[in-house]
Amino acid sequence: MSAKELVEAALVLLEIIVSWPVAFFLVFFLFRSELRHLLPELMKILSQRVTKATIGSSSIEFAAIEAQAIKDTVEQLSGELPEKTAILLEEQLKKAAYPKAPIGEKLLLAGKTILWVDDNPANNTYEVNLLHRLGARIKQVTTTEEALAARSKEYFNLIISDIKRVEKGVANQTAGYELLAKNEMIEPYIPVILYTSNIARVDTILSAPSSGLADNSRDLVNLVLSLIRA
């Protein structure tokens, strides 16, 4: 199978990834060399499918939003692929027929602004794309200092922060908790979600009543919607 045929096959599988997750694992074996940078992100997307969110008594389906966010993420990460493969991938993405999201879905977070604090913004590419597709504007910063400075200049509906990060060359194991504490002392209060890779390792109880904790995009989106729309 040629490189072009492999890329075309991958895009077909990407289009059905939401409905047929088993197909994704075939991509791993076919593309493990060419798409080695892209696969970890797609694997994460597959394992953390949002599928639907509940707002009050309404259940919102996210198949179309997810498909569009996957497309956005693949486009952004294709820059890490060999040039020929990236070009072929881009060509196929332009041809791919992704479902259009209903107007109601696209505007769920319209007009909302989120401050995202993480010293490795690239780790959140898919989640940011997903929230963008829901209408949110995301401002990304890498330190607590930058976050507080941004907060003093403009209003944010929500803050998302990692827990551990490197700030000024020093590893801070409790950076997210420190931001949470400082945020509680500033008016107006803004809810904070701590986004971590493993909730099971988190042993600190959050004191802020509107704050939340998530370790996957499914729970993150549900928390964002519930906190911003509360």
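The values are calculated or read from the model by the stated rules, or taken from the named source; none is laboratory data. What you are looking at is a predicted structure, and each value in this text was computed from that prediction instead of being measured. We place every Cβ from the backbone using ideal geometry, glycine too, and count neighbours over all the protein chains shown.
When the residues of the stretch 118-137 are narrowed to those that are of a type in the set (A, V, I, L, M) and surrounded by 15 or more Cβ atoms within 10 Å (Cβ to Cβ), which ends up farthest from GLU154 (Cα to Cα)?
Only one residue tops the list, namely LEU130.
Go through the residues of the stretch 101-117 one by one and say whether even a single one is in contact with a strand residue (DSSP E or B) (Cβ under 9 Å, 6 or more places away or on another chain), assigned to a helix (DSSP H, G or I), exposed (fewer than 14 other Cβ atoms within 10 Å of the Cβ) and modelled with pLDDT under 90.
Yes, the conditions are met somewhere in the stretch 101-117.
Working only within the stretch 181-193, note down all residues that are outside any loop (DSSP other than H, G, I, E, B) and buried (at least 21 other Cβ atoms within 10 Å of the Cβ).
ASN183, VAL192, ILE193
Could you figure out which of (1) farther than 20 Å from LYS139 by Cβ; (2) part of a loop (DSSP other than H, G, I, E, B); (3) at pLDDT 85 or above isn't true of SER207?
It fails just one condition, (3).
Can you tell me which residue in the stretch 210-230 is surrounded by the most Cβ atoms within 10 Å (Cβ to Cβ), limited to those that are under 12 Å from LEU158 (Cα atoms) and modelled with pLDDT under 80?
SER211
Of everything in the stretch 142-171, what is free of Cβ contacts under 8 Å to residues at least 12 places away in the same chain and outside any helix (DSSP H, G or I)? Give them in sequence order.
The answer is GLY169, VAL170, ALA171.
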